[in-house]
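Some notes on the structure that comes next.
The values are calculated or read from the model by the stated rules, or taken from the named source; none is laboratory data. Since we're looking at a predicted model, the values are computed, not measured. Here the Cβ positions follow ideal geometry from the backbone for every residue, glycine too, while neighbour counts run over all protein chains shown.
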Amino acid sequence: MAGRSRNTPDHPSAAGGGEPGEGLLPADFDLADLYGARGSDDEDLDDSAVLVPPVSLPPDAELVAAALAVPLISYAVKLARWTQPHRPVDEFGDLADGDREAAARLLGLAPAEGEVAEEAVVEAMRAWALACDLDLVETGTTAKGEHAAIPGPDLDAVEQGDPSVVLGLWLDAAGIMRELAAEADSLAPEGDGDEEDADEDGLADVEQAREAAAELLDEALQVLYEMTAFADPGEETVPLGVLAALLVVPEGEEPDEEMLGEITDVMVALDPMLGDLAELGLLEHRPIDPELFEEEDAEEAGTAPAVAGGAEPDEAEAARFGTVRLTPLGQYAVREWLMELGYDAPLVGDLAEGDAETLLRGITESANVLPDRELAAWLSGREPVAAARELLAAARGQDPQSPVRRMLCGVALEELGEPARPAVLEVVDDPELGGAARAWLRAQGVEIAAPERPVALWTAVDSFAAVMLTSEGDAGRLRELVAGLPVTDNPASYFGELWRVEHPYTAQVLEIVGELHLDRAVAKEARKAAFRARSQQR
């Protein structure tokens, strides 16, 4: 498994005098640099470019409750306890016929008296097989040579809700179901389906199909994991067609007729596999309405009208094409699988336990982090004035990432709001923080003088540098900032002041202005100023 992340802030906002809408982090990678975007022909894809977005997981107690509430898991646990002190089985570890019906009754799949439906027995035996696979039930031979089943050693811990045992058990079950789902898809009937005539080539084809199905399912789970990480609460459900399109259509392209056919094929292939995983609580899945295929056949035969003009279906109609949502248990599983493969799969709030310096440096130095959520996690429960003081102290510095730290500090101050005023008032005369502090206070409605000219110019360079560092590959954001510079009718005078600003990024900022400004006269003066700033740095 691999993941991808765009490192886009949740609610980008200004800091240090920047404009609203500016982003927060430097790593807005193209999908071509991330998982799955280059296709299977690119064998030189560097795993170091793979980014897995951070997710928020509920407490272990909630995950445990969700795992034990999964019917198949609940059934397996009940059957394991039912074997106490022991229960006879055959040489294969299967229940005898009479006990199979008793198991179905125990699980509530059949009435206490009367005939037991075959479907109920089949479901009970699925739960029994899972209990054996998970070692909730152990089978063996007694001293008398009889085959018997007994409860497994972890059953007590499972029933007591031990988080590590329960979640480990559920994860094993999810892994089994994940393998079975891919295997079942690879065995879908094709041609005459005569397995007796299958030769070695046929078996090889089945294995190849199984691997392809497993790869498709893994890719779908990865995309769902990322989409869930970036989704707003309550917006995690994904139409199956959207999921399939993300797997088929290269980023930035519109699907052509061939791709539309591939999307349909992927939807049809994924639908039953996702349904299998939904049984373990890994997903919430609404399958494709089978009547759609009948309607399609009727339309082709001319006996039913197609949607006039190709009109977009409403929400209810669109849902008939299938939907899927990765549950918190599903996020937990995919994250565990990614970490097993050596990928860094962080949780939101991983940086919240440290101090403000650790927080700000961690955000600026980590490619796969959601800044707004990490800041909110750090601020949660902290006293506003003390938190603001700590953040402002951590924002100081002249190192390469210091402008981004000051931008992040500004975002955190916006989150804190009015309660942070006393701490901000303390730094209004600080040469590095004063300009942004005064701007923040004025936005809060505090009457305070504007910063002195040198501080204002330094803050302008610092704010521009922060955007420059966080907009890698996005010239549009920089053009907006360049266009908003307060250049007067005398650009030589303005840039004559700006190039003298003692900031580590003065020259780079002027070079970008010279490259992107649409007014040739302004761009020329900016380039001259950049040359002077470079000379001053030497």
Exactly one condition in (1) surrounded by fewer than 20 Cβ atoms within 10 Å (Cβ to Cβ); (2) modelled with pLDDT under 95; (3) under 12 Å from the mean Cα position of the chain (by Cα) is not met by P328; state its number.
-> (2)
Filtering segment 282-325 down to residues that are touching a Pro at 6+ places or on another chain (Cβ under 9 Å) and at pLDDT 80 or above yields P287, A319, R320, F321, G322, T323, V324
Residue check for E480: modelled with pLDDT under 95, more than 28 Å from the chain's Cα centre (by Cα) and assigned by TED's automatic domain parsing to the domain that holds A523 = yes
Specify the residue that is farthest from V121 (Cα to Cα); the eligible residues are those in segment 48-100 that are in a helix (DSSP H, G or I) and aromatic (F, W, Y).
-> W82
Looking only at helices (runs of 4 or more DSSP H) that fall completely inside segment 314-406, which ones have 1 or more residues that are within 17 Å of L221 (Cα to Cα) and hydrophobic (A, V, I, L, M, F, W, C)?
-> 328-340
Return a yes/no flag: does segment 224-236 have any residue that is of a type in the set (D, E), surrounded by 15 or more Cβ atoms within 10 Å (Cβ to Cβ) and part of a loop (DSSP other than H, G, I, E, B).
-> yes
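When you check D90 against the structure, is it modelled with pLDDT of 50 or more, out of contact with any helix residue (DSSP H, G or I) (no Cβ under 6 Å at 6 or more places or on another chain), surrounded by 15 or more Cβ atoms within 10 Å (Cβ to Cβ) and charged (D, E, K, R), yes or no?
no
Against the condition more than 24 Å from I363 (Cα to Cα) and either surrounded by fewer than 21 Cβ atoms within 10 Å (Cβ to Cβ) or touching a helix residue (DSSP H, G or I) at 6+ places or on another chain (Cβ under 7 Å) (or both), how does A436 come out, does it pass?
For A436, the condition - more than 24 Å from I363 (Cα to Cα) and either surrounded by fewer than 21 Cβ atoms within 10 Å (Cβ to Cβ) or touching a helix residue (DSSP H, G or I) at 6+ places or on another chain (Cβ under 7 Å) (or both) - is not met.
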Residues of segment 422-438 satisfying the condition of being assigned to a helix (DSSP H, G or I) and either of a type in the set (F, W, Y) or closer than 18 Å to V385 by Cα (or both) | P422, A423, V424, L425, G434, A436, A437, R438
Can you give me the number of residues within segment 507-521 that are farther than 17 Å from S535 by Cα and surrounded by fewer than 19 Cβ atoms within 10 Å (Cβ to Cβ)?
-> 6
Lone unmet requirement of (1) surrounded by 15 or more Cβ atoms within 10 Å (Cβ to Cβ); (2) closer than 19 Å to L498 by Cα for S471 = (2)
Out of segment 475-499, which residues are under 17 Å from L518 (Cα atoms) and not hydrophobic (A, V, I, L, M, F, W, C)?
-> G476, R477, R479, E480, G484, P486, T488, D489, N490, P491, Y494
In segment 487-534, residues that are free of Cβ contacts under 8 Å to residues at least 24 places away in the same chain and within 22 Å of L469 (Cα to Cα) total 7
Consider A356 carefully, then state whether it is in contact with a helix residue (DSSP H, G or I) (Cβ under 7 Å, 6 or more places away or on another chain), modelled with pLDDT under 95 and small (G, A, S).
-> no
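To keep it simple, each residue is scored yes or no on (1) aliphatic (A, V, I, L, M); (2) modelled with pLDDT of 90 or more; (3) within 31 Å of the chain's Cα centre (by Cα).
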{"site": "L107", "(1), (2), (3)": "yes, yes, no"}
{"site": "E118", "(1), (2), (3)": "no, yes, no"}
{"site": "V158", "(1), (2), (3)": "yes, yes, yes"}
{"site": "A174", "(1), (2), (3)": "yes, yes, yes"}
{"site": "D185", "(1), (2), (3)": "no, no, yes"}
Residue list for segment 50-108, restricted to those being among the acidic types (D, E) and farther than 28 Å from P346 by Cα = D90, E91, D94, D97, D99, E101
So E211 fits all but one of (1) farther than 22 Å from E315 by Cα; (2) touching a residue at least 60 places away in the same chain (Cβ under 8 Å); (3) assigned to a helix (DSSP H, G or I); what number is the exception?
-> (2)
Output the residue which, of all residues in segment 484-506 that are of a type outside the set (S, T, N, Q) and at pLDDT below 90, is surrounded by the most Cβ atoms within 10 Å (Cβ to Cβ).
-> V487
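Under 23 Å from the mean Cα position of the chain (by Cα) and without any contact (Cβ under 8 Å) to a residue 24 or more places away in the chain: which single residue out of G168, G145 fits that description?
G168 is the lone residue from the list that is under 23 Å from the mean Cα position of the chain (by Cα) and without any contact (Cβ under 8 Å) to a residue 24 or more places away in the chain.
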